[in-house]
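Structure first, commentary second.
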Amino acid sequence: MKYYSLNKKAPKTSFEQAVVKGLAPDKGLYFPEEIQPLDKSFFDNIEQISREEIAFQAIQQFVSPEIPKKVLRQIIKETIDFDFPIVSLNNEISTLELFHGPTMAFKDVGARFMARCLGYFNQNNKEEITVLVATSGDTGGAVAHGFLGVKGIKVVILYPKGKVSNVQEKQLTTLGQNITALEVDGVFDDCQDMVKRAFLDQDLTSKMQLTSANSINVARWLPQMFYFFFTYQQLKSKYKQLVFSVPSGNFGNICAGMIAKKLGLPIEHFIAANNENNVITKFLKTKEYVPEPTIATLSNAMDVSNPSNFVRIQEIYDQDFEVLKKDLTSYFYTDKATEKALIEIKEKYNYIADPHGAIGYLACKDYLKENENVHCVFLETAHPTKFLPTVERVLNETVALPDQIKELMNKKKVAIEISNYGGLKNFLLSK
Ligand SMILES: *Cc1c(COP(=O)(O)O)cnc(C)c1O
């Protein structure tokens, strides 16, 4: 598959180069040149096909020929070796639990897939690749675990001091080996700015191969389509029309679902579930795209004012606003509504959601008010204990930590403190 830049000012490139570079030289996001729908027989027989085979069929065209079939099968096997259970709340609403991976966040899927692709491309260790990533919480842990021990790759994670949860901090500071955590005296935006500056700093880029590991990278973004297929496989015989409610920040997850639909997966509709960072809700109403300053919320993984993957969504829909509107609805909710939803889900269904999933649930409910004969699946994007202080305060009860988290809390944090870009640069050059 060839990839082109959505800024259209860079040459087409291979999957390998798209993964290694992350962003095109014209700063555009890479997008696959053509998307070939899968055979009808694949969907007819999907209940008889293994999960690994489904994932293989879904992604093969996007990574060939550079990743040989045999290698791809192995990468997939390692990427999805955990469960993706669906829990039904009632006849109209289910939740897809995406938190059964090593860091209990859906980002594990993309991070593990990307790590293995990059590891394969870099197996001869010609030049070490440094993955540089800023995190407000979940990305760091998923990337750290995904890349742990991958030969030829160093991972440097910047996180804002005191601004990530205890669990999240432990997940990115206790691994060692090829993973280094930099604790930044600042907020997430400072971390993000430093990373961006590093990518533009020729002093650095002439000396080392830097790449990113957020959802702008095609190898992290595309595998997120797998679990839309797995959901269809499990619910196909029960419900005719499936709608997905996706708690969205940078819109990578929902955009991967749209690629699945392009491949022929019968998805009736998408709902972008948002907090008060609601640029897309407004856009779908007014056709005007006006990013505003980020608002801090309880669902902080969605505190994004200018979602980076929205340009990809527009490309999928050929920049046609009306066609996009047929497939996409967006609702947004306040922290107050989020808290009420956490309580409602617990009281009505005896289920503990996290703040992001709770917003997905609300969006399902609102959509179902206006649409009949559909089944709405909201994505539980993280385990509730990753947002323990909020969940315990709102539900007014203690929530037991899963064993893997308990173990983690006993490990020792190792991080290097930095306060500005000079600190980052010195660190990178000193290695
Ligand atoms: C990253 C994240 C999101 C947002 O996903 P996007 O692909 O950026 O839209 C939602 N919920 C949680 C818990 C996350 O970590």
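Annotations for the structure displayed:
- Separation between Cα centres of the stretch 296-355 and the stretch 167-199, rounded to whole Å: 26
- For the chain, the C-alpha radius of gyration divided by 2.2 N^0.38 Å, with N the number of residues, is 0.93.
- In loop segments of the stretch 269-318 as defined by DSSP, the trypsin sites (Lys or Arg not before Pro) with at most 15 further C-beta atoms inside 10 Å of their C-beta are Lys287.
- Size of electric dipole in the chain: Cβ of Lys, Arg +1 and of Asp, Glu -1, about Cα centre, debye, nearest 20: 880
- Dipole axis of the stretch 28-158 (+1 Lys, Arg; -1 Asp, Glu on Cβ), positive-most option in Val143, Ile153, Gln61: Ile153
- Excluding same-chain neighbours fewer than eight residues apart, the aspartates and glutamates reachable from Lys196 by a Cα-Cα span under 18 Å are Asp26, Glu183, Asp185.
- Cysteines without a disulfide-compatible partner [the chain; Cβ-Cβ under 4.7 Å]: Cys117, Cys191, Cys255
- Coil-residue GluC sites (Glu not before Pro) of the stretch 114-181, DSSP, other Cβ within 10 Å capped at 13: Glu127
- In the chain, the calculated helix contribution to ellipticity at 222 nm averages -12500 deg cm²/dmol per residue, counting -39,500 (n - 2.57) for every DSSP H run with n ≥ 4.
- Three-way shape label, the stretch 129-255, alpha-carbon gyration tensor, a/c 1.5: prolate
- Carbon-plus-sulfur accessible fraction, the stretch 356-431 (probe radius 1.4 Å, protein heavy atoms only): 47%.
- Options Gln192, Tyr239, Leu379, ranked by Cα towards positive dipole end of the chain, top entry (Cβ charges): Gln192
- Radius, Kirkwood style, for the stretch 336-385 when every pair of distinct Cα atoms is counted (Å): 11.2
- Projecting the Cα positions of Thr205, Ile295, Trp221 onto the charge dipole of the stretch 193-307 (unit charges on Cβ atoms of Lys, Arg, Asp and Glu, taken about the Cα centre) puts Trp221 furthest along the positive direction.
- Probe 1.4 Å - accessible area at Leu6, Å² to nearest ten: 30
- Cα-projected label distance for Tyr349 with Asp318, points at 7 Å along beta-carbon direction, nm: 3.7
- Unit charges on C-beta of K, R, D, E only; dipole of the stretch 220-345, Debye: 480
- Accessible surface of the stretch 155-303, 1.4 Å probe, proportion on carbon and sulfur as whole %: 47
- Shape class for the stretch 1-118, computed from the alpha carbon gyration tensor (a ≥ b ≥ c): prolate, with a/c not under 1.5 and a/b above b/c.
- Scalar couplings 3J(HN,Hα) for the stretch 16-22, obtained by applying the Karplus form with A = 6.51, B = -1.76, C = 1.60 to θ = phi - 60°, are 4, 5, 4, 6, 5, 7, x Hz; x denotes Gly and Pro.
- Accessible-area composition of the stretch 46-154, carbon plus sulfur, in percent [1.4 Å probe]: 45
- Length available on full extension from Glu47 to Ile35: 0.36 nm per residue minus the Cα-Cα distance, which gives 2.0 nm.
- Rounded to 0.05, the FRET efficiency of the Asp327 and Gln57 pair, given R0 = 22 Å and the Cβ-Cβ distance, is 0.45.
- Accessible area (Å², 1.4 Å probe, nearest 10) - Ser308: 40
- Checked against a 21 Å cut-off, the cross-linked pairs Lys70/Lys126; Lys326/Lys365; Lys285/Lys365 give Cα-Cα distances beyond that limit for Lys70/Lys126.
- Of the cross-linked pairs Lys151/Lys386; Lys170/Lys411; Lys27/Lys261; Lys40/Lys261; Lys386/Lys406, those separated by over 19 Å at the C-alpha level are Lys151/Lys386; Lys27/Lys261.
- Restricting the stretch 329-400 to GluC sites (Glu not before Pro) that sit in a DSSP loop and have at most 12 other Cβ atoms within 10 Å of their own Cβ leaves Glu372, Glu397.
- If R0 is 41 Å, the Cβ-Cβ spacing of Lys238 and Lys413 corresponds to a FRET efficiency of close to 0.35.
- Figure legend: label point modelled 7 angstrom from the Cα of Ser14 along Cα→Cβ; residues of the stretch 97-128 with amide N under 16 Å from it are 117-127.
- Thr390 contributes an accessible area of around 20 Å² to the protein surface, as traced by a 1.4 Å probe with all chains present.
- On a per residue basis, the chain carries 42 Å² of accessible surface, using protein heavy atoms and a 1.4 Å probe.
- In a reduced charge model with +1 at each Lys and Arg Cβ and -1 at each Asp and Glu Cβ, the stretch 1-60 shows a dipole moment near 540 debye about its Cα centre.
- Contact order for the chain, expressed relative to its length and based on alpha carbon pairs under 8 Å spaced 6+ residues apart, stands at 18 percent.
- Potential lengthening between Lys369 and Asp203 on full extension [0.36 nm per residue; Cα-Cα distance subtracted]: 54.1 nm
- Working note: Karplus 6.51/-1.76/1.60 with θ = phi - 60° gives the stretch 377-386 the couplings 10, 9, 7, 8, 7, 8, 6, x, 6, 6 Hz, where Gly and Pro are set to x.
The values are calculated or read from the model by the stated rules, or taken from the named source; none is laboratory data. In this text the structure is predicted, and so the values were computed from the model without any measurement. Because the Cβ atoms are built from the backbone with ideal geometry, glycine has one as well, and the counts that use them run over all protein chains shown. The accessibility values were calculated without ligands, DNA or RNA, using every heavy atom of the protein model including side chains. Shrake-Rupley method; radii C 1.70, N 1.55, O 1.52, S 1.80 Å.
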